[in-house]
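We did not get these values from a lab; they are worked out from the coordinates using the rules stated. This structure is a prediction, so every number in the text was calculated from the model and none was measured. Note that we place each Cβ from the backbone using ideal geometry, even for glycine, and neighbour counts take in every protein chain shown.
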Amino acid sequence: MTELASAPAPTASAPAGSRVVLDSLTRVYGRTRALDGFSLTIEPGELVALLGPSGCGKTTALRCLAGFEVPDAGRVLVDGVDVARVSAQKRDMGMVFQSYSLFPNMNVLNNVAFGLRMRGVHSAARKAKAVELLELVGLADQAVKYPHQMSGGQQQRVALARALAIEPRVLLLDEPLSALDAKVRLELREQIRALQQRLAITTVFVTHDQEEALSMADRVCVMSHGQAEQIAAPAVLYAQPSTAFVAEFVGVSSRVPVTRSGEGVVVFDGVVPVRGGISAVPSGDLDVLLRPEDLVVEADPAGLGVVTHVSFLGGTTRLHVGVAGATVKVDVRSSEAHTWPPGERVRLRVTSRDVLVSPRRAAAVVVEE
């Protein structure tokens, strides 16, 4: 895939990205509350990903920001001005859809220039701007082609150029990579992120793919049932999930029944402090949520755990260990995986400094991807 061309960094006189505030948005469809008091602040030039399962409200939030939906309650502030009831055409926002949405009867150059034509920009000026944007996305030599003559990745880069041509205050990306194959998706997400950083444009990226969200965003907003479960930088979100939902939706976690012991909980054969303190933990039976890399496995003929399954993942291998009535996932180096074949008895030890606990449930929730 052609690399995106270098773009000059914004100058001191260039306008900074816009500040966006979604304030207590509510959107109801019949008996369904797609948004339920949803709030989010996006700083100028920041890329924030809205991440969550189908039906969590992320696309509705984006559509309210774009002007395609009017919230039943709440405000949509762009640089301090409430635009919740301003038409989409007057919001100066660029939108890139999953399905490209290019005009099949227009060549690439005219597709990119379309928004400028709708704004009454002179023919020569809009052509020059379209050429500039095509150079920026590495498609200057494709200007006379039509969408059907291009690959999916190329079409999406045309759609990106078209969105940027109007110099939007905010760039909105609605699952723009989900229709592409894995290799193109990886390349394009890196290129979109590099371009967004060079242009310093405020960007909202909707996705159900956690890898996309964690690799591209400055911050990730995990959504569930129309609300924000947690908003944090990717590293914080992964290492310190604030709720069981976030821990299970982002990355891999194993649930293990535990009992209280002083200021911590008994995990396998050791006591581990509870994140946030034991006083904040609700009464009743508890589970602990453990990441595969937060565990060490040791051979022990008298151990309580038994390796039930082994999954090769490249540089690492994931062991599935039956212990304490649960299946626990543990990552080890693939070069050492032969040490723990299925049927091997083992002992598990927690290496993290504290653990996240939640009320016990009979079975893990199946999260829709």
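Peptides 35-42, 215-222, 333-340 ranked from most to least packed, by the mean per-residue count of other Cβ atoms within 10 Å: 215-222, 35-42, 333-340.
Given a Förster radius of 51 Å and the C-beta distance between D79 and A326 as r, what FRET efficiency does 1/(1 + (r/R0)^6) yield to the nearest 0.05? Given R0 = 51 Å and the Cβ-Cβ separation, E is 0.55.
Rounded to the nearest 20 debye, the dipole magnitude of the chain is 960 debye, with +1 charges on Lys and Arg beta carbons, -1 on Asp and Glu beta carbons, and the Cα centre as origin.
Here the spin labels are modelled as points 7 Å beyond Cα on the Cα-Cβ line, and at R353 and E263 they lie 1.3 nm apart.
Applying 1/(1 + (r/R0)^6) with r as the Cβ-Cβ distance of R198 and V144 and R0 = 35 angstrom yields a FRET efficiency of 0.85.
Legend: calculated FRET efficiency, T308 to S24, from the Cβ-Cβ distance at R0 = 41 Å, rounded to 0.05, equals 0.30. Model label sites at S283 and A182, defined 7 Å from Cα along the beta-carbon direction, differ in position by 5.0 nm.
The length gained by stretching the chain between E298 and H338 to full extension, at 0.36 nm per residue less their Cα-Cα distance, is 13.1 nm. What is the Cα centroid distance between the range 293-320 and the range 61-135, reported in whole angstrom? The range 293-320 and the range 61-135 have Cα centres spaced 51 Å from each other. Stretching R360 away from V70 to a fully extended chain increases their span by 100.5 nm, per 0.36 nm per residue minus the current alpha-carbon distance. When peptides 178-190, 283-295 are sorted by average Cβ neighbour count within 10 Å, with the highest value leading, the order is 283-295, 178-190.
Percent of Cα pairs in the range 252-359 per distance bin of 10 Å, from zero to the largest separation: 15, 47, 28, 9, 0. Scanning the chain for long hydrophobic helices, with DSSP H runs required to stretch 18 angstrom or more by C-alpha along their axis and to average at least -0.5 on the Kyte-Doolittle scale, returns 123-136, 152-165. Taking 16 Å as the straight-line reach from the Cα of K90, the aspartates and glutamates in range (excluding those fewer than 8 positions away in the same chain) are E69, D79, D82, E167. For E190 and V131, the difference between the fully extended length at 0.36 nm per residue and the C-alpha to C-alpha distance is 19.0 nm. For the chain, the share of DSSP beta bridges that are antiparallel, to the nearest 5, is 75%. The residue among L177, L62, I278 whose Cα reaches farthest toward the positive pole of the charge dipole of the chain, with charges on the beta-carbon of Lys, Arg, Asp and Glu, is L62.
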